[in-house]
Amino acid sequence: MVRGARVLCLAAAAGLAAAGPASAQTGTGGTADNTERIGTALDALGKGNPVLARVDGYEIRWADVEASAVDLPAEYRGRIEAILPALLGRLIDRRLLAIAGRDAGLAEDPAVRKEVTAFEDRAVSEAFVEQKISAAIDTKTLRARYDEYRRRLADRAEVRARHILLKSREEALDVIAELDKGADFAALARARSLAPSAEQGGDMDYFTRDSMAPEFAEMAFRLKVGEYSPAPLETKFGWHVIKVEDRREEVPRSFFRMRDELRQDASRQLLERVLDDMRRRADIELFPEASGISR
């Protein structure tokens, strides 16, 4: 081994690995007992974060093993106890190669230093972003964005309604009285409405709240499906009797289900503002080859 590397694997790691995947256990106690035992062992490792190996004095802990598994397919990450020896071996090999590379003077190689700097830049920038986001985006902020999301859904809601347009309030009251006696709304609209929709039995098709006069929309969206206005409604066009035929609206998702999406959107917008401010204050020089890049 390079520099006589000394490797010490703790009994806890070896014992856990020897247990293998819970699904493969048989014998006394059964699969459930083994699964519980392994789960308890993993939980203990996660809380204690023990040293699992030591390579020339460099410690490899349980958290290092867990972190090294993030690039693996989900089915492997879900049974980390079965692949623990391989993961630990990979970290040991990586450390040995790093020792060998440093002994060969590669740590100061310009290409290596450039790559190290790039990695450091990524780590520091990600930590900075996380710090800014954590400080600025709290539950109150997310709740405000959730309320705005619900308002946008409400604005997109649609109602399908019929209406009868008349010249006077008295005529409108007569129509309501006939409806109260069981008259057909569409037939009354064709016979008495002054609106262009009279030929269609007063059918106005679907419309959103902001596409109608405020007072008309207020009445239409207040009525339930099948209801007609109990009193005449006056607008600048005349007197109306309205009946709601249908509604189309998206049911809002719960705050719990929306929380991660809301956080992502808030984080993206916050980062854009931070970067815009940084660009304005920074001394950035673009060369002709980069003339198409936005500052």
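The values are calculated or read from the model by the stated rules, or taken from the named source; none is laboratory data. Computed from a predicted structure; not experimentally measured. Here the Cβ positions follow ideal geometry from the backbone for every residue, glycine too, while neighbour counts run over all protein chains shown. Surface areas here come from the heavy atoms of the whole protein model, side chains and all, with no ligands, DNA or RNA. Shrake-Rupley method; radii C 1.70, N 1.55, O 1.52, S 1.80 Å.
At q = 0.13, 0.20, 0.24 Å⁻¹, what is the log10 ratio I(q)/I(0) for the stretch 221-295, with the Debye formula run over Cα points and no solvent?
-0.71, -0.96, -1.10
Check Val55: other-chain or 5+ apart residues with amide H under 5 Å from its amide H, H built from backbone geometry?
Ile60
Run through every distinct alpha carbon pair of the stretch 60-106 and return the Kirkwood hydrodynamic radius in angstroms, one decimal place.
Averaging 1/r across every pair of different Cα atoms and inverting gives 11.6 Å.
Quantify how much of the Cα-Cα distance distribution of the stretch 43-125 extends past 18 Å, in percent.
56 percent
What three numbers, in Å, describe the spread of the alpha carbons of the stretch 103-180 along their principal axes, ordered from the longest?
If we take the Cα atoms of the stretch 103-180, the spans are 100, 25, 19 Å.
What does the charge dipole of the stretch 124-163 about its Cα centre add up to, to the nearest 20 debye, if the Cβ of each Lys and Arg holds +1 and the Cβ of each Asp and Glu holds -1?
So the magnitude is around 420 debye.
Order 273-281, 177-185, 226-234 from most to least packed using the mean count of other Cβ atoms within 10 Å.
Top of the packing list down: 226-234, 177-185, 273-281.
On a straight-distance basis, which lysines could pair with Lys132 in a cross-link, Cα separation under 24 angstrom, same-chain partners fewer than 8 positions away excluded?
Lys140
Quick one: net charge of Ala127's neighbours, Cβ under 15 Å, K/R +1, D/E -1?
-2
Taking all protein chains as present, what is the carbon and sulfur share of the accessible area of the stretch 61-125, in % to the nearest whole number, probe 1.4 Å?
About 58 percent, which is the carbon plus sulfur part of the accessible surface.
Lysines near Lys167 by alpha-carbon distance under 16 Å, same-chain residues fewer than 8 away left out - which ones?
Lys236
Which whole-number percent is the relative contact order of the stretch 124-198 (Cα, under 8 Å, 6+ apart)?
29 percent
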